[in-house]
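Each reported figure results from applying straightforward, stated rules to the coordinates on display, with no laboratory input. On a predicted model such as this, the values are computed, not experimentally measured, just so you know. We place every Cβ from the backbone using ideal geometry, glycine too, and count neighbours over all the protein chains shown.
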Amino acid sequence: MGLFTRERDIYINFLPKVERLLNGVTIAPRFLYYTAEPVETLVVVDASPLGYVLADRVRGLDEKHCRLVFEKLAEFHAASMVLSKEQPKEMSEKFSKDRLTDDPDTIENMLVQNFTYFAKVVETWSGFEDTSKKLRRFISTIPQNMVKWCGPSDEEIKVLTHNDLWVNNMLFKYKDGEPVDLYFIDFQLSVYSSPGIDFTHFLYTSPQFDILNQKRDLLIEGYYKTFKSTLENLGYSPIPTLENILEEIEKRERVGFMWAVVKLFLICMDPSECGENSLENLNDKAKGEKIREIGMSTKRFVSTMQYVLRRMEKIGVLK
């Protein structure tokens with residue numbers, strides 16, 4: 001499967017149906033063109049003339065940005081549930097395979113490499129000595145469990161997830177300095193799976209720490225309010241309860257935890273501090289350690305990851 005094959009299917013076969021159901025809500029920039037030869041290429045409308053731009057990934061998203069994200073995510077998820085009920089075979093055949101597990105060795109190596117360095121960092125944090133031991137035990141379980149943790153399960157609420165939901169995969173539109181709309185971009189990894197995947201990925205990579213720490217429950221409740229009302233308006237039943245959604249989030253906490261360790265240190269880095277944060281440089285031992293040292297010492301990274309570690313202990317992921 002080509003890099004953009006799934007994204008092409010999302011743009012051509014799925015998003016137009018979603019947006020018709022949502023009656024005027026636009027999820028993503030308009031699709032223009034796809035070709036597989038001579039080089040696989042997918043083109044969408046440039047949204048910048050319409051006023052859509054990237055937010056500040058280093059600072060993180062404030063409450064207004066996050067509420068907007070969860071509102072549109074709820075509409076996207078809800079519409080996908082309606083479509084999956086109408087066309088269950090198409091959804092399961094096209095989008096059930098998690099592309100993250102296509103090359104498990106590469107993903108596993110990336111996870112273990114970053115987690116191993118992170119464990120050394122955690123050892124230096126006062127009050128986290130015991131946590132670092134639990135973290136090392138967790139690292140040893142990654143190889144045999146990664147595919148199960150990340151992949152779809154039959155025993156879950158299923159939506160079409162974005163599956164790479166972080167600040168740089170969304171474009172915001174502003175009015176008088178306030179965010180009023182957003183587009184999601186980059187659907188290469190979308191998978192028909194638990195909504196918990198999108199929640200934990202976003203929460204542990206993209207909000208400002210104070211928002212994660214103080215507003216997490218309110219954001220989830222805001223998502224659910226829109227999710228429920230959208231399903232009601234579309235005549236869908238039975239509608240999952242808030243408790244059902246909370247269960248899905250908790251079941252997928254490991255996914256968000258893993259992505260936080262893999263990418264949050266890069267997100268938190270000011271480009272001026274270290275411009276060499278490419279995957280190639282991360283795989284170079286000396287350059288990779290320099291990048292991780294800088295990124296994992298930023299205030300936002302430390303605060304967020306201490307929060308995440310405590311939560312992983314609370315729900316039994318780290319033990």
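Quick notes
- Between THR241 and LEU218, the simple label model (points 7 Å from Cα in the Cβ direction) yields a spacing of 2.5 nm.
- Per-residue extension of 0.36 nm, minus the Cα-Cα distance of GLU90 and LYS148, leaves a gain of 18.6 nm for this segment.
- Each of LYS319 and THR5 was given a label point 7 Å from its Cα along the Cα-to-Cβ line. The distance between the two points is 4.0 nm.
- Net dipole in debye of the chain [+1 Lys, Arg Cβ; -1 Asp, Glu Cβ; about Cα centre; nearest 20]: 560 debye
- Three semi-axes describe the equivalent ellipsoid of the chain; taken as square roots of 5 times the Cα gyration tensor eigenvalues and ordered largest first, they are 31, 22, 21 Å.
- Listed by chain and number, the aspartates and glutamates whose alpha-carbon sits under 12 Å from that of LYS173, ignoring those within fewer than 8 places in the same chain, are ASP181.
- The chain, relative contact order [Cα under 8 Å, separation at least 6], %: 23 percent
- For the set LYS263/LYS285; LYS17/LYS263; LYS158/LYS228; LYS64/LYS263; LYS263/LYS319; LYS94/LYS148, the pairs lying more than 21 angstrom apart at their alpha carbons are LYS17/LYS263; LYS64/LYS263; LYS263/LYS319.
- Here is what passes the span test in the chain: the DSSP H helices with alpha carbon length of 27 Å or more along the helix axis and a Kyte-Doolittle mean of 0.0 or above are 104-123.
- Debye log10 I(q)/I(0) at q = 0.09, 0.10, 0.21 Å⁻¹ for the range 1-157, Cα point scatterers: -0.48, -0.59, -1.33
- Modelled this way, with points 7 Å down the Cα-to-C-beta line, the labels at TYR174 and TYR33 are 3.2 nm from one another.
- Spin-label zone in the range 234-269 - amide nitrogen under 17 Å from a point set 7 Å from the Cα of SER297 along the C-beta vector: 265-269
- Selection among SER272, GLN214, GLY235 by position relative to the dipole of the range 209-275 gives GLY235 as farthest towards the positive end (Cβ unit charges, Cα centre).
- From helices alone, the chain scores -16500 deg cm²/dmol at 222 nm; the rule is -39500 (n - 2.57) for each run of n ≥ 4 DSSP H residues, then divide by the residue total.
- Cα shape, the range 207-280, gyration tensor, a/c 1.5 rule: prolate
- Full extension of the chain segment joining LYS225 with SER272 gains 12.9 nm, where the gain is 0.36 nm per residue of separation less the Cα-Cα distance.
- Gyration tensor verdict on the range 52-93 (Cα atoms; rounded if a/c is under 1.5, prolate if a/b is larger than b/c, oblate otherwise): prolate
- Order by protection proxy (mean Cβ within 10 Å, highest first), peptides 175-186, 64-75, 30-41: 64-75, 175-186, 30-41
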